[in-house]
Amino acid sequence: MKEFFETYKSLIIYAAGVVITVFVLYLLTNVLYKWMLKQEQKRYPGEKSFTVVLVKRVLNAIWSVLGIIALSVVFVDEEKYGALKHNFNLVLYLGFLAVLTIVFATSTNMWFKRSITKKIQNKEDPTAFKFLRYVAVFSVCFTGALFALLAFPSLRGVAQTALGGAGIIALVAGVASQEALSNLIGGIFIISFKPFKIGDIIKITDTMVGTVVDITLRHTVIRNFENKMIVIPNSIINKEKLINYDLGELKCCEHIEIGISYDSDVDLAKRIMQDECEKHPLIYDNRTEQDIEDGKPKVRVALTKLNDSSVTIRAWAWAPSFIDSFNLRCDVFESIKKRFDAEGIEIPFPYRTVVMKKEKQGR
């Protein structure tokens with residue numbers, strides 16, 4: 001045993017040093033993790049510390065792999081020292097590049113999030129910042145991946161070409177599909193020309209109405225009034241004809257249409273609809289000063305259609321916003337129905353007449 005120790009004394013000391021070094025690095029990483037966690041909570045209270053945990057795991061993985069490579073020196077021939085050294089440097093380079101990319105991407109993302117929060121608090125439009133956040137984070141990760149490719153000789157030419165400037169666009173255009181590029185360009189058009197922005201209520205079809213909550217590199221996300229998320233590719237939404245209820249003036253005209261029977265008193269029905277609309281708290285007076293001087297009513301009511309079994313009466317009721325107009329319509333329909341029932345105004349429903357013919361005798 002003594003002879004074994006004397007023979008391999010230097011290797012044993014080297015292996016012990018490697019193990020102790022890895023253990024110390026683990027301890028330092030844990031201390032750094034706790035310190036970063038406290039700093040992150042101070043700067044960004046309430047934010048999840050996913051990045052700090054990820055950095056800790058990456059560093060611990062680096063120490064483990066480097067320790068294994070360093071210990072492998074004890075068991076290989078001197079001819080393989082060069083390969084082990086190359087692998088050691090490669091892991092060290094890729095590991096620290098990954099840590100820097102994660103930290104830089106997260107810092108960029110957090111800066112944009114804070115800027116977006118400030119804009120929302122100041123009641124400013126955060127749409128451009130939300131879109132640029134995705135572009136910036138993607139650019140950081142993409143650049144980190146390109147620098148990682150530089151570590152591999154067979155891929156170094158591709159990375160150098162991409163990092164050359166115009167090569168980035170050429171690489172993206174060659175790798176990405178036409179649909180992905182059209183979505184990206186569609187997102188840029190939305191941010192540039194602003195047919196809608198974050199927080200706007202838009203209507204694409206009768207089943208796709210909601211609030212814009214996000215505009216990413218690929219798609220636009222709308223939250224409908226059932227709290228469901230509608231994801232629409234940017235290339236598609238750019239081609240659609242949509243209604244933006246928050247573009248320009250917010251006031252919205254709601255058509256309150258009800259059909260009554262031909263036997264009912266049209267003038268009384270019009271007066272009831274006008275009264276119920278005008279006394280609603282959400283009604284908006286859209287009259288000009290001249291209209292008020294001329295004695296025009298706040299809510300215009302008129303007979304608009306003569307149907308097969310009913311006549312349609314419409315009231316033009318204005319509300320301060322689209323949401324208010326929806327609430328106004330629901331409330332007014334209920335109150336008008338109750339007044340019609342009390343005043344004897346009939347809302348017709350389909351009738352069907354069945355004629356029974358007697359069979360001829362002898363058949």
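General observations
- Full extension of the chain between THR207 and THR312 yields a length gain of 35.3 nm, computed as 0.36 nm times the residue separation minus the alpha carbon distance.
- Modelled spin labels at ILE243 and TRP111, positioned 7 Å past Cα toward Cβ, are 4.2 nm from each other.
- Counting charges near ASN224 (Lys, Arg +1; Asp, Glu -1) among other residues having Cβ under 12 Å from its Cβ returns a value of +1.
- The calculated FRET efficiency for ARG271 paired with ASP125, based on their beta-carbon distance and R0 = 51 Å, is about 0.70.
- Shown is the FRET efficiency for CYS253 and PHE138, computed with R0 = 30 Å from the Cβ-Cβ distance and rounded to the nearest 0.05: 0.10.
- Note on LYS296 and VAL31: the model spin-label points, each 7 Å out from Cα along the C-beta direction, lie 7.9 nm apart.
- Length gained on full extension, ILE323 to ILE20: 102.4 nm, using 0.36 nm per residue less the C-alpha separation.
- Relative intensity, log₁₀ I(q)/I(0), of the range 252-343 from a Debye sum that treats every alpha carbon as a point, q = 0.24 Å⁻¹: -1.22
- Shape box of the range 189-244 [Cα atoms, principal axes, largest first, Å]: 29, 20, 17
- Selection of GluC sites (Glu not before Pro), the range 243-315, meeting DSSP coil and at most 13 other Cβ within 10 Å: GLU249
- For the range 89-156, applying the loop criterion from DSSP together with a ceiling of 13 other beta carbons within 10 Å to the trypsin sites (Lys or Arg not before Pro) yields LYS123.
- At full extension, ALA145 and VAL355 could sit 67.5 nm farther apart than now, given 0.36 nm per residue minus the alpha carbon distance.
- At most 16 other Cβ within 10 Å, DSSP loop - chymotrypsin sites (Phe, Trp or Tyr not before Pro), the range 87-134: none
Only the coordinates and a few stated rules stand behind these numbers; no lab work does. Since the model is a prediction, treat every value here as computed from it, not as a measurement. For neighbour counting, all protein chains shown are included, and Cβ atoms are generated from backbone atoms with ideal geometry for every residue, glycine included.
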